[in-house]
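Okay, so here's the structure we're looking at.
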Amino acid sequence: MSSNTPPTRHGPWSRRVRETLLTVGAALGVLCLGWAIAMSVFGITPLVFSSGSMAPEIATGDLAFARSVPAADLRRDDVVSIASTSGVRVTHRIVAVERAGDRTVLTLKGDANASPDARTYPVTQADRVFAHLPKGGYVVSAIASPTGIFVGGLLVAAALFAAFGPGSGRPRGGRRRADAVTVGLVLVALGATTQVSPVQTTQASFTDDASLTTGSFAAHTVLPPASASCSTSLLTATISWPGDPRYDYEVVLRRVSTLAVVSTRQITGSGASTTYGTLDWVLSGLTSVDFRVEIRSKLATASSWQSSTVQTYSNIRVFVISLLPTCTT
């Protein structure tokens, strides 16, 4: 009596798909790990250009590689990347180097700019660009994006499943060890690329000067009236002053004894006088009441612009019994 051994079930993962996944994972792992090691060992800083002031040599979206060098090694025409005081990286070409003892000051200019940067850069060292990869910045940015990290996580999960999940054929010996090495490479590479020599974004900013031509500016002072006069007629008193077409005026009638305001008048347009009569007198005392007249200039187009001081020009004395006003100074 013989027994038949059931065939091995491979499930949804065929051997070809499994091997392809592990091969791709191993290749990407080696590539990423090599990238991280090279960046760390050789002190290389990757730079992704987010603007185009270094075009056409280095365009927007290009990936450049820079290495830190001492200021003494920097020369005119070198392309350097310098972090400004605000923390923003600027990558431009050196157009002038000024050395004074241990101090080195660089003047930079973008190839696409018509004039040098407005500010200069004192440095002791700088990242000098030695190579660039057209459009490589788009690839690196995509990998470093949340979507890229998510895809990397899916790749790790797929490699793990292909190596050790159902239908993997449960390889033994050398094959299992090779699968473990592959998955390890992917995991180590992902960790290394997020920790070693992170990619820097540089603006390579446009800094062309703009000129502005204007006329002269002068501040305006609102002037009070230069003089005032007072005249009477029966029961009225008229205050006049030389008018200025730029101004309106505010006239205040104030009782001298208490400084209380009896009336306030706004004189607009071409008016340069105002008349007070019996109804404006506020009588007190036994003999007479003195009133003070104050005149303030106001800019006609902006009433909040007023003369800096309130000027007093004339007094009006009103006798209680007769109510006849007289002008005094």
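The values are calculated or read from the model by the stated rules, or taken from the named source; none is laboratory data. Treat the numbers as computed from the prediction; the structure is a model and nothing was measured. Neighbour counts are summed over all protein chains in view; Cβ atoms, including those assigned to glycine, are modelled from backbone coordinates with ideal geometry.
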Problem - Matching residues in segment 249-275 - criterion: being in a strand (DSSP E or B), out of contact with any Leu (no Cβ under 6 Å at 6 or more places or on another chain) and among the small types (Gly, Ala, Ser) - result: 273
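Within the group 308, 263, 304, which residue is at pLDDT 85 or above and of a type in the set (S, T, N, Q)? Lay out the reasoning, then the answer.
Working: 308 fails: at pLDDT 85 or above; 304 fails: at pLDDT 85 or above.
Unique residue meeting the criteria: 263.
Regarding residue 63, is this residue modelled with pLDDT under 90 and crowded, with 20+ Cβ neighbours inside 10 Å?
Details: modelled with pLDDT under 90: yes; crowded, with 20+ Cβ neighbours inside 10 Å: yes.
When the stated conditions are applied, residue 63 passes them.
Residues in segment 69-84 that are surrounded by 13 or more Cβ atoms within 10 Å (Cβ to Cβ) and either among the hydrophobic types (A, V, I, L, M, F, W, C) or at pLDDT 85 or above (or both): how many?
Within segment 69-84, the first condition is being surrounded by 13 or more Cβ atoms within 10 Å (Cβ to Cβ), and the residues that meet it are 69, 71, 74, 78-84.
Imposing the further condition that a residue be either among the hydrophobic types (A, V, I, L, M, F, W, C) or at pLDDT 85 or above (or both) reduces the set to 69, 71, 74, 78-83.
So the count comes out to 9.
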Handout entry: Answer residue from segment 225-284, given it is within 24 Å of residue 304 (Cα to Cα) and charged (D, E, K, R) and is nearest to the chain's Cα centre (by Cα) among those
Key = 246
